[in-house]
Every structure is written in structure tokens, then in C-alpha cells.
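To start, the structure under review is shown below, and the notes come after it.
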Ligand code: SF4
């Protein structure tokens, strides 16, 4: 099986704070499969580290008020293209990210409050009928 994975789950230091979300559970799950790693935010040209962002009234905005919607959408489109070209069978996504979040995201108030919804990349994957799973559901 070809599995695309949020890069931070594989230990890549591509998170907003320069760290990662390395998951033993994910590493175990992907064993023996072909793995394609993507970080849509970095692919969209955003730096590491970067100011955290949330989706505020439909627009991806950093905590200090900058509109980064274009970067998020460009990166998500690029990652989506890779998923299409490789015809991946499944995408494993990091939870609650404004890009990769599948079940829940933060509500745009930067207060840690969660709401049901998807990040930019997760939403594109669903719209393009990819099989997707939140890493917490593995
Ligand atoms: S955009 Fe996705 S892959 Fe990149 S750091 Fe955020 S959750 Fe991880």
C-alpha cells in the first residue's frame, strides 16, 4: 500500500515551533508500506519555525494577525498533486493542524478551543475522495 503521511509524524522537524510529532504508533502502522512524506505548510513556503496559525473566519491567519491563507493553500495544492501523481491509497494526518487536521481544528481565537472541522489540506483530500485517517484513529 502507498501511504502519504504528515511529515511531522515521521519525526521531521517541520512543526511551527521547529519540533515534530514523532509517533511510534504511526511508524508501526506504516511498516512494510511505501511511504510518502509531505508537510504542506513548508511546501507552501512557510519557514521553520513560524508563528502559529489558525483558520479565522475561513482565512488562515497567524497569531500576530498576518494572512497566510495563500501559502497554506499553495502548499496543500502541491501536496495534493503528489498524492494524485502517486495514487496513494491512504493519507495519515496529524490531528488538529490548520493544514492536516481531519476531525477537529482550533476555533480561530488562539485560546486552545477546538471545533469540529478540517484543515486546508485535509479538506482538499476529502474533496478529492482520498482515503484519510487522523493519526489518533489508528
Ligand atoms: S502542516 Fe501537517 S505535516 Fe506540516 S507540521 Fe503541520 S501537521 Fe505536520
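The stretch 23-130 holds strands (runs of 3 or more DSSP E) entirely within its bounds, and those carrying 1 or more residues that are farther than 17 Å from residue 10 by Cα and touching a residue at least 12 places away in the same chain (Cβ under 8 Å) map to 53-56, 59-62, 104-106, 114-116.
Residue by residue, here is whether (1) over 13 Å from residue 97 (Cα atoms); (2) within 13 Å of the ligand (Cβ to nearest atom); (3) surrounded by fewer than 17 Cβ atoms within 10 Å (Cβ to Cβ); (4) modelled with pLDDT of 95 or more holds:
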| residue | (1), (2), (3), (4) |
| --- | --- |
| 18 | yes, yes, yes, yes |
| 21 | no, yes, no, yes |
| 26 | yes, yes, no, yes |
| 33 | yes, no, yes, yes |
| 39 | no, yes, no, yes |
| 44 | yes, yes, no, yes |
| 47 | yes, yes, yes, yes |
| 53 | no, yes, no, yes |
| 60 | no, yes, no, yes |
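Per the listing 85, 136, 71, the residue uniquely under 28 Å from residue 35 (Cβ atoms), surrounded by fewer than 16 Cβ atoms within 10 Å (Cβ to Cβ) and within 16 Å of the ligand (Cβ to nearest atom) is 136.
Scoring residue 123 on the criteria (1) over 24 Å from residue 29 (Cβ atoms); (2) surrounded by fewer than 21 Cβ atoms within 10 Å (Cβ to Cβ) leaves a single failure, condition (1).
The values are calculated or read from the model by the stated rules, or taken from the named source; none is laboratory data. All figures in this text were calculated on a predicted structure; none of them were measured in a lab. In this analysis, Cβ positions are derived from the backbone assuming ideal geometry, glycine residues included, and neighbour counts consider all displayed protein chains.
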